[in-house]
Amino acid sequence: MDKLKSAAHSVSGGAARVSLEYEPSVALPGDVLSVRVTATSTGAPVKSGGVFVDLRAIETATLPVSTNQQVGNSSHVSFEQQVPIAPAFTLGANETKVFEGQVRLPTNVQPSFQGYYARHEWSTRGRVEVTGNDPDSGYMTLRVGTKG
């Protein structure tokens, strides 16, 4: 039964609970984010390939497609990066580990914005790499401003 439960956790990403804290909450291109990823085993030991912080930006346009106000949506991932924070490790049964690091935003990225027809949204998440579905914190909004 334990092997079956362990396999289910591997597939579902439920082998560990993961949280992410970062600052500052609003960053500029080129800024460094201080990050803290906390991982807690939900029961069985977890063999991990490392801890990562993922950055993602998505541009979405919502345009009217006819006079009856129907809208069409189109999205594009404009930026995606996986930043290693910690090397491979094993999380013991019901153990919690905290990993800290820094993530630099590139200098040439588009800022966050919300317009009438379009928006550009940044997000970040903490993730523990495992076989199967990686447990993660879920994506959290990150505001990226403009310089100048």
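Cβ-Cβ distances below 6 Å connect the following pairs, each with a first residue in the stretch 57-72 that is more than 25 Å from ARG125 (Cα to Cα), a second residue that is among the small types (Gly, Ala, Ser) and at pLDDT below 85, and a separation of six or more residues or different chains: LEU63/GLY72; VAL65/GLY72.
Across the stretch 100-116, the number of residues qualifying as aliphatic (A, V, I, L, M) and over 16 Å from the mean Cα position of the chain (by Cα) comes to 1.
What are the residues in the stretch 106-147 that are surrounded by 15 or more Cβ atoms within 10 Å (Cβ to Cβ), within 26 Å of THR62 (Cβ to Cβ) and either among the charged types (D, E, K, R) or without any contact (Cβ under 8 Å) to a residue 60 or more places away in the chain (or both), if any? Residues satisfying the conditions are SER112, ARG119, GLU121, ARG125. Residues of the stretch 21-41 that are crowded, with 16+ Cβ neighbours inside 10 Å and either among the charged types (D, E, K, R) or under 10 Å from GLU100 (Cα atoms) (or both): TYR22, VAL35, ARG36, VAL37, THR38.
Within the stretch 43-148, which strands (runs of 3 or more DSSP E) (wholly inside it) include 3 or more residues that are over 15 Å from GLU21 (Cα atoms)?
46-48, 50-64, 71-86, 89-91, 118-129
The one condition from (1) within 17 Å of the chain's Cα centre (by Cα); (2) within 23 Å of GLU129 (Cβ to Cβ) that SER78 does not meet is (2).
Counting only residues that are assigned to a strand (DSSP E or B) and either at pLDDT below 95 or under 23 Å from GLU121 (Cβ atoms) (or both), how many does the stretch 24-40 have?
If we filter the stretch 24-40 for residues that are assigned to a strand (DSSP E or B), which is where we start, we get 26-27, 32-40.
Right, trim to either at pLDDT below 95 or under 23 Å from GLU121 (Cβ atoms) (or both) and you get 26-27, 32-37.
Summing the residues that are assigned to a strand (DSSP E or B) and either at pLDDT below 95 or under 23 Å from GLU121 (Cβ atoms) (or both) in the stretch 24-40 gives 8.
The values are calculated or read from the model by the stated rules, or taken from the named source; none is laboratory data. Keep in mind the model is a prediction, meaning the values are calculated, not measured. Counting neighbours? That spans all protein chains shown, and the Cβs are built from the backbone with ideal geometry, glycine included.
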